[in-house]
Amino acid sequence: MGVVNVTPDSFSDGGQWFDRELAVKHGLDLVAQGADLVDVGGESTRPGAARVDEAEELRRVVPVVRELAAAGVLVSVDTMRASVAEQAVDAGAVLVNDVSGGQADPAMVPVVAAAGVPFVVMHWRGQSIDMNNRAVYADVLGEVLDELRTGLDRAVAGGIAPERVVLDPGLGFAKDADHDLALLAHLSRLEALGRPLLVAASRKRFLGRVLARDAHAAPPPARERDAATAAVTAIAAREGAWAVRVHEVRASADAVRVAHAIEAAAGGADAGAR
Ligand code: PMM
């Protein structure tokens, strides 16, 4: 899943694809680089971000979704608003990616249920403006698992078919670097929830922390975290993730191919051993 942020302020690419034509071109480029899906969003969710108003989000997102879908691209819409999801699906989006998992807008689950499209339920503890205050866990894996299960149950109770729900641990959302790493270390536990997993590590703060020379050194800027992102992609693919959401597609598409080739070789070796 390649990312097209039609925003002036996203943490790693804010402003780059704010222009409609550039956003569409970028989406097409991501497909050429190997993306199977293009995720179009019009609202930054970086820590501390304020909400964008509804009319502005619609203005940013819907025309880009329409043009990419018309060009044959599988488009997902990254939004917490039911109205944006509904209009994006009307414009051709095939999946709704809601970082709040339906919690931010009570109309979201009914709209997605009626549309009959897949729905990404991400682990979320509240709006970005103060989410870092909610990065408090006694047992991050257990609590994220429980809260994701609740999100899945909420979606299903609201009429979304369980087989249409994708789960996402929400790296960086109400989580610090150690929380993100602990979740990545236990992806198989998240898979035990029985739904496909989306992993969205791309350029995030925890990678900056990992790449900084020491605990006091400044992290490299977001744009210098793509190789580290591809490393996470290889691991996620090997662990059986359904998709990764990334800004730079080529390296991650290659990482997925390599992971699959290794998987196939493991199957062949197992068969040979029998
Ligand atoms: N992260 C961002 C935006 N959308 N969607 C899902 N499902 N999971 C995420 O972790 C996620 C997301 C923030 O990153 P961006 O500003 O680079 O898009």
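Charge tally around Gly34: other residues with Cβ under 9 Å, Lys/Arg +1 each, Asp/Glu -1 each, net 0. The charge dipole of the chain, taken about its Cα centre with unit charges on the Cβ of Lys, Arg, Asp and Glu (plus for the first two, minus for the last two), comes to roughly 360 debye.
Projecting the Cα atoms of Ser76, Leu171, Leu58 onto the charge dipole of the chain (Cβ charges, centred on the Cα centre) puts Leu171 farthest toward the positive pole. Note on region 1-87: Kirkwood radius taken over Cα pairs, Stokes-Einstein applied at 10 °C and 1.306 mPa s, translational D equal to 125 µm² s⁻¹. Per residue, the chain exposes 43 Å² of accessible surface when a 1.4 Å probe is rolled over the protein heavy atoms with every protein chain present.
Given R0 = 22 Å, the distance between the Cβ atoms of Ile262 and Ala227 translates into a calculated FRET efficiency of 0.70. Here is the P(r) of the chain: all C-alpha pair distances, binned every 5 Å from 0, give 1, 6, 13, 17, 20, 18, 13, 7, 3, 1, 1, 0, 0 in whole percents. One quarter of the convex hull surface built on the alpha carbon atoms of region 92-230 amounts to 9.3 nm², the projected area averaged over directions. Using a probe of 1.4 angstrom, how much of the accessible area of the chain is carbon and sulfur, in percent? The C+S portion of the solvent-accessible surface of the chain is 54 percent. Treating each Cα of region 155-217 as an identical point scatterer and summing with the Debye formula, the log10 of I(q)/I(0) at q = 0.16, 0.20, 0.28 Å⁻¹ comes to -0.61, -0.82, -1.18.
Comparing Ala234, Gly92, Pro162 along the charge dipole axis of the chain, the residue lying farthest to the positive side is Ala234, per the Cβ-charge model.
Label 7 Å along Cα→Cβ of Asp139; region 186-222 residues with amide nitrogen under 17 Å? Hits in region 186-222 for Asp139 at 17 Å: 186-193. Computed over region 56-123, the quotient of the alpha carbon radius of gyration and 2.2 N^0.38 Å is 0.99.
Here, region 149-274 yields an orientationally averaged convex hull projection of 9.8 nm² when only Cα atoms define the hull.
In a DSSP loop and with at most 12 other Cβ atoms within 10 Å, the trypsin sites (Lys or Arg not before Pro) in region 160-228 are Arg213. Dipole of the chain computed with +1 at Lys/Arg Cβ and -1 at Asp/Glu Cβ about the Cα centre; of Gln103, Pro219, Val24, farthest Cα towards the positive end is Pro219. Other residues within the sphere of radius under 13 Å centred on the Cβ of Val24, judged by their own Cβ, net out at 0 (K and R +1, D and E -1).
The values are calculated or read from the model by the stated rules, or taken from the named source; none is laboratory data. Nothing here was measured: the structure is a model prediction, and the numbers come from that model. Heads up, the Cβs are rebuilt from the backbone with ideal geometry, glycines too, and the neighbour counts pull from every protein chain shown. Accessible surface areas use protein heavy atoms only, side chains included; no ligands, DNA or RNA. Shrake-Rupley method; radii C 1.70, N 1.55, O 1.52, S 1.80 Å.
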